[in-house]
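Right, one structure below, let's go through it.
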Amino acid sequence: MADETIPVETLTEEQAKAELQRLASEIAHHDALYHGKDKPEISDADYDALKLRNDAIEAQFPQLVRTDSPSQRVGAAPAGIFAQVVHARPMLSLDNTFSDEDVQDFVSSVYRFLGQLPDNSIAFTAEPKIDGLSMSLRYENRKLVTAATRGDGTTGENVTANILTIKEIPTELPEDAPDIVEVRGEVYMAKSDFLALNAQMEAEGKQTYVNPRNTASGSLRQLDPKVTANRKLRFFAYAWGEMSQMPAETQWEMVQVFGRWGFPINPLTQRLTSISSILDHYREIGLQRPDLDYDIDGVVYKVDRLDLQARLGFRSRSPRWATAHKFPAEQAFTTVEAIDIQVGRTGALTPVARLTPITVGGVVVTNATLHNEDYIKGIGNSGDRIRPDDHDIRIGDTVIVQRAGDVIPQVLDVVLEKRPEDSAPYVFPKTCPVCGSHAVREKNEKTGKLDSVTRCTGGFVCRAQAVEHIKHFVSRNAFDIEGLGTKQVDFFFESDDPALMIRTAPDIFTLKARQDQSLTKLENIEGFGRVSVRKLFEAIDARREIALHRLIFALGIRHVGETTAKLLARSYGSYAAFAEAMQAAGPKFGDTWNELNSIDGIGEVVAASIVEFFKEPRNLEVVQRLLSEVTPVDAEAPITSDSPVAGKTVVFTGSLERFTRDEAKARAEGLGAKVAGSVSKKTDYVVAGPGAGSKLDKARELGVQVMTEDEWLTLIGG
Ligand code: IVH
């Protein structure tokens, strides 16, 4: 065991690694005792000391942060379905108001109810109405014990394990907090995080999410907290349930106290008295709405004094002391002037409606995505009708535009009464508008249905695909070349000057040499100065060495997003090994093909797409040229500790009872084992839980060693 008394500053990397491993399992052990409500073995102070030391070592050696580190704040997995929680105080909803008059009526009703109070003597808080999910967090003796969704207001779902992954939510309250505290507020996903998640889903060829709210809700209701942990949820505190003691006398003060206890509180909240100042604040927040990094759908007004709130009390389901002043829906009418087709990196033809510019919720909208051919026809992803009366979208139509989740404008519906008489259904192109190649909808082999996406078959011939590919190649998670933005890439791509043009990714790395030999100087071209040219070449040179996973991601293989690229890099280690295996994996169901498919997280579609990429001589030629310019840095070999499973391949199957699958996987990988998704001759161990089926049969058939979870735990040392 590592010596805990060695000061963090003097730890060697090796000692640090060992100690982080020890701390992870020790803290997990105490967490389990604590959350399982068993008797804790150590004092809170000792527990804190362990966590602090873990944090300090991680700060010193960020490269050593383990997936199972306590700093990653992943709680125990829920039992399978969420348990029900009866709220100690019901979680109510709010009445809605829509107009200035409604607000006036609300304020008057408060005065009328309380009677005999002078004008402007009652203060109200005005707080943004966050568009997320309400959550009740219960602390007993200053420790977070339960997090529950609102449910029907009386009974919610216990999502504590998932809430523990939200870093913004304190798990402990300060000493001066009362013994029983229920803090309530909204769990939400930031717009920026939502966009990043969708970009990742898209890059991986997966279905994107509709809006931040639904994504937050879906993320919270995951059975596996690791998934929730990846989704970056956030929280604002604005209300409370049971409190053994009230720390303040007003709504405003209560929220400030929550802030002092470590909860995020909304900075746009104000305490106001006159109707005019309330309405001004509402308009002010409305103006800021498009720029906020979270969705809001109104402003909530609450009587500030808690004694007055108590006197006002409740109607059946909502308090008399509060109301939600909703923003008008962010929709507007405009006309479709044209439908353009954009061609993406993978050849997808995306129709875009060019709209007569219109302001929707404070933002000028000129384009809206029409997604694909079916969407224009009014057919949804699963073949369902998405618009009433089967209407399609046509050029010249008057349409209702909405900014979904405040971000991507969408055409919601068509106003049929305003359709021009001479309008005709939109005919989706059968050829690529950029290169003229055939554009086809592929048939999904499994379902026999047509893919919703129409794709240009031009590949390298298609300029649109080529230029989009370069943009992808230089993007942040790929080569990340500063100074090569969309505009610059377009410029270099369009150029016919041999000293300037960039038609394929390797050309980026020969640009400087070509410049040096030419009289055309980039710095003399408008938009490029001496300094920016020097910086650009520095940025390019800085990427002549590149992490293997970035290189793989940059290749732009369909269905290979960042996560898959990382899996591949880790599994194959070097580019040479990867490329060799992919070329050998051509004949399906051979050993190399099976090996690729056995990587946990890589399915058949992805595997086939990678193999396809390596079959194309043109791809190999481009990669070859690229590799004469850049050197991929091998992926770090798995930590080969002296553990008995280092270098072994293990498959987990059946329902595991001692740990979640992700937990099992992280633990095994931490010990240097490779975790595969299917059983092959190369599998060393199959760990089978109850209900194991075909993988277990396969293991028996191949004579692979099968063990129970307990036997596995004994093997890896508990
Ligand atoms: S107060 C008794 N304040 O709106 C009043 N709710 O329509 C309890 N919400 O379920 C709610 N922001 O999910 C309150 N600043 C805010 C809010 C807020 C969003 C949500 C909450 C609630 C719903 C009521």
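The values are calculated or read from the model by the stated rules, or taken from the named source; none is laboratory data. It should be emphasised that the depicted structure is a prediction, and the values quoted were computed from it without experimental measurement. Neighbour counts run over all protein chains shown; Cβ positions are idealised from the backbone, glycine included. The area values use the complete protein model at the heavy-atom level, side chains included, leaving out ligands, DNA and RNA. Shrake-Rupley method; radii C 1.70, N 1.55, O 1.52, S 1.80 Å.
Across region 149-162, computed HN-Hα scalar couplings (Karplus, 6.51 cos²θ - 1.76 cosθ + 1.60, θ = phi - 60°) run 6, 5, x, 8, x, 9, 10, x, 9, 7, 10, 3, 4, 6 Hz from first to last residue, x flagging Gly and Pro. On a per residue basis, the chain carries 49 Å² of accessible surface, using protein heavy atoms and a 1.4 Å probe. Computed packing ranks the peptides 624-636, 514-526 as 624-636, 514-526, most packed first, by mean other Cβ atoms within 10 Å. What the phi angles of region 285-300 give under the Karplus curve with 6.51, -1.76 and 1.60, with θ = phi - 60°, is a coupling list of 5, x, 5, 7, 3, x, 8, 6, 8, 9, 7, 10, 10, x, 10, 9 Hz, glycine and proline written as x.
Here region 605-708 has 49 percent of its accessible surface on carbon and sulfur atoms, given a 1.4 Å probe and all protein chains in place. With the charge dipole of the chain set up from +1 on Lys and Arg Cβ and -1 on Asp and Glu Cβ about the Cα centre, the Cα lying farthest toward the positive end among the listed residues 196, 565, 61 is that of 565. Of the solvent-accessible surface of region 414-506, computed with a 1.4 Å probe over protein heavy atoms with every protein chain present, carbon and sulfur atoms account for 53 percent.
Dipole magnitude for region 553-668: about 160 debye, using +1 per Lys or Arg Cβ and -1 per Asp or Glu Cβ, origin at the Cα centre. The HN-Hα couplings worked out from phi for region 700-706 by the Karplus form 6.51 cos²θ - 1.76 cosθ + 1.60 (θ = phi - 60°) are 4, 4, 8, x, 7, 5, 10 Hz, whole numbers, x standing for Gly and Pro.
What FRET efficiency do you get for residue 400 and residue 195 if R0 is 41 Å and r is their Cβ-Cβ distance, rounded to the nearest 0.05? The value I calculate is 0.95.
Say the dipole of region 431-539 comes from +1 at the beta carbon of Lys and Arg and -1 at that of Asp and Glu; which of 528, 456, 469 then lies farthest toward its positive end? Most positive-ward Cα: 456. Assuming R0 = 60 Å, can you tell me the calculated FRET efficiency for the pair residue 337 and residue 49, based on Cβ-Cβ distance, to the nearest 0.05? In this case the efficiency is close to 0.35.
Close amide H contacts of residue 441 (hydrogens built in the peptide plane, cut-off under 5 Å, sequence separation of 5 or more or a different chain): 455. Its relative contact order, with pairs defined as Cα atoms under 8 Å and 6+ residues apart, puts region 610-718 at 25 percent.
Put simply, the amide H of residue 266, placed in the peptide plane, has neighbours under 5 Å in 237, leaving out anything fewer than 5 places away on its chain. Label point of residue 524 set 7 angstrom out along Cα-Cβ; within region 487-516, amide nitrogens under 15 Å from it belong to 497-500, 515-516. Express in nm, to one decimal, how much length is gained between residue 287 and residue 245 on full extension, taking 0.36 nm for each residue of separation and deducting their alpha carbon distance. Between residue 287 and residue 245, full extension yields 11.3 nm more. The aspartates and glutamates within cross-link reach of residue 674, meaning a Cα-to-Cα straight distance under 15 Å and a gap of 8 or more places when in the same chain, are 595, 600, 636, 642, 662, 663, 684. Only helices enter the 222 nm calculation for the chain: every DSSP H run of n ≥ 4 contributes -39,500 (n - 2.57), and dividing by all residues gives -10500 deg cm²/dmol, rounded to 500.
Excluding residue 581 itself, what net charge comes from residues whose Cβ is under 11 Å from its Cβ, given Lys and Arg +1 and Asp and Glu -1?
Result for the local shell: -3.
Across the cross-link table entries 167/232; 129/167; 446/665, which are compared at the Cα atoms, the separations over 20 Å belong to 129/167; 446/665. In a reduced charge model with +1 at each Lys and Arg Cβ and -1 at each Asp and Glu Cβ, the chain shows a dipole moment near 1240 debye about its Cα centre. What lysines does residue 443 reach when the alpha-carbon gap must be under 16 Å and sequence neighbours fewer than 8 apart in one chain are set aside? Within reach: 430.
Using a 1.4 Å probe over the heavy atoms of the protein chains, calculate the carbon and sulfur portion of the accessible area of region 297-403 as a whole percent.
51 percent
Would you please give the residues with an amide H less than 5 Å from that of residue 298, counting only those at least 5 places away or on a separate chain, with H modeled from the backbone geometry? It is 129, 327, by chain and number. Computed from the C-beta positions of residue 629 and residue 206, the FRET efficiency with R₀ = 41 Å rounds to 0.80. Peptides 257-264, 91-98 ordered by packing proxy, namely the average of other Cβ atoms within 10 Å per residue, highest first: 257-264, 91-98.
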